[in-house]
Structures are given as C-alpha cells and as structure tokens.
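Step one of this worksheet: look at the structure below.
Just so you know, all these numbers are worked out from the coordinates, no wet-lab data involved. The structure displayed is predicted, hence computed values, not measured ones. Neighbour counts run over all protein chains shown; Cβ positions are idealised from the backbone, glycine included.
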Amino acid sequence: MEHSVLYKQDYSQSRVQYLFKNNRGRDFICGDIHGCFDLLEEQLQKVNFDPQQDRLFSVGDIIDRGYDSAKALFYLEQDWFYCIRGNHEQMFLDWCNEDTPVFRADAFRFHMHNGGQWVADYLGVHIQQLNDDILNDKPITEKYPALDLWVKALSALPFAMEIKSSRKKIGIIHAEIPQEVKWPSLEAELNKPRVLYSLLYSRKYIHSLKPKKYSISGVDEIYAGHTILDKPQKIGNIHYIDTGAYSRNQLTLVKISN
C-alpha cells in the first residue's frame, strides 16, 4: 500500500548530499533495512566492517515493518552511517509535522497501515490512545516530546546522495528518478512534486516491460531500493538492491567500487 542525540552534520537544507570517495577505507551500501538491524550487523561482521575507516550507506526505509525500528536512532547518530530518506521516513514525518488534525489523522493511519505500529510501543502508549491524540488541535510533538528526536533526525535526511571520485560518480536514491531528469539537475528538479514522488515511491521502470532502456544520464551508477527482488538486479546504470529484509530475511550489502 502506497501514498504518498547529536548529528554529525546538519544538511536539512541540502536535499542532495555530496561526498567524495573514502580515501581511508571502504564504502558499503545496503538495501532497505526496515528495522532488521540484526541482519545488517551480521552482514557487517562478514566483511569485517571497521567503523574507524569504513562507511556504510543506506538507500532509506530503515524503519517500519521489522522488529527493531527504534534502533534506527542509534545508527543515525553514527558518523560512519549515511542514510537517505525513503518513503517510510517520509510517512513518519508527514503526520508528525501536519498541523491540521484531520489531515494528520489520514497521514497517521497511512503510516500505521504500512508498518508504523511500533511507534506506539516506542512511546509506551496503546495505539488507540495515540490515534485519539492525533485528533487534538495541538501539535502531536507537544503531547509526545519524544517524537522530536525522530522529527529532527528524519528531517535531516537528504533525498539523494552523490559519491564522487576522479574516475566515477555514484548516486544513491530510494526508488526511481524520471528518465528525462539528468542527474546533475536532480536537486533543482526536486521542486517538482512528480520528481519527489518518484524518488520516494516509483516502481514504474523496474516493473516496465522494457526495463533495459531505463538509464539516468550524468552519473555512472545509481543504487536504489524500495522494490523487493529475489536478488539484486541492474537495469541500465541503476542497481536495485532491496531483497526483502523484513519479508525474506535477506539484506543485501554491496561494496561500492570507486
């Protein structure tokens, strides 16, 4: 179903984050975690991940559906963990930031239908009580100040990242980019609702009858998640790496080659 702490860097105003290659260690990227951080930690152990010199990138959707979503805050505090905003992070923000109770209630129900029930447990209240409080005229963060931690952390997540070296430019997104949008102009294009929606929700190209024609110019490779596949799949210059952590107990971890 679709609808729409100290931080290492405040890039809340930067909708695309730009980074250079890691000259100290290795860079890895993982598919949608969805609260399954035990699977992530198993994968990191297998590659002897060193937080002192290695970096880990996430394609977003680190919360919801799985059994340990609250652990996401710990990861977002780590200076070696880089995450973009997925549609599930956006769902959470939609109802926390909405001022109009009726619209807030719609956004809240949508998030709850898509794996957000853990938030009530995190706050220590029954989900029905939280649902009732959503209809209060006051901001929900006033009733539950603990939500402020999540709002600040998730609002700081960019919609895309770029890792650049002398040889290659690598992009990271959550879902898809409209094919007519060139990577260098992506940040400016985010002013268009359809582009933003595509980044968070689209499955148009991965489900296309002619997916091999899908490619984004101005970037060498792109890594994306959102759509669960049996195994990682490359279409054009896009790597889809969501293999269903919460549904199939499979989390993909890929070493990025610069």
Checklist entry - Which entries of Lys164/Lys213; Lys192/Lys231; Lys71/Lys213; Lys169/Lys231; Lys71/Lys169 show an alpha-carbon separation above 27 angstrom in the structure shown? => result Lys192/Lys231; Lys71/Lys213; Lys71/Lys169
Next on the checklist: Can you sort Met161, Met91 from fewest to most other Cβ atoms within 10 Å of each residue's own Cβ?
Outcome noted: Met161, Met91
Checklist outcome for this item: For region 96-170 the trypsin sites (Lys or Arg not before Pro) that pass both the DSSP coil test and the at-most-14 other-Cβ-within-10 Å test are Arg167, Lys168
Item to check | Packing-based exposure ordering (other Cβ within 10 Å, fewest first) of Thr252, Thr243, Thr141 | outcome: Thr141, Thr243, Thr252
Checklist outcome for this item: Looking only at aspartates and glutamates whose Cα falls under 19 Å of Lys143's and that sit 8 or more positions away or on another chain, we get Asp94, Glu98, Asp99, Asp106, Asp121, Asp132, Asp133
Checklist entry - ³J(HN,Hα) across region 152-163 via Karplus (A = 6.51, B = -1.76, C = 1.60, θ = phi - 60°), whole Hz, x for Gly/Pro? => result 5, 5, 6, 5, 7, 6, x, 8, 7, 9, 10, 10
Item to check | Debye intensity ratio in log₁₀ form over the Cα atoms of region 88-154, taken at each q of 0.19, 0.29 Å⁻¹ | outcome: -0.63, -1.74
Item to check | Descending Cα extents along the principal axes, region 201-258, whole Å | outcome: 33, 31, 18
Next on the checklist: Sort 19-29, 220-230 by the packing proxy (mean of other Cβ within 10 Å over each peptide's residues), most packed first.
Outcome noted: 220-230, 19-29
Checklist entry - Order of 37-47, 174-184 by packing, highest average Cβ count within 10 Å first? => result 174-184, 37-47
Checklist entry - Using a basic spin-label model with each label point 7 Å from the Cα along Cα→Cβ, how many nm lie between Lys168 and Lys21? => result 0.8
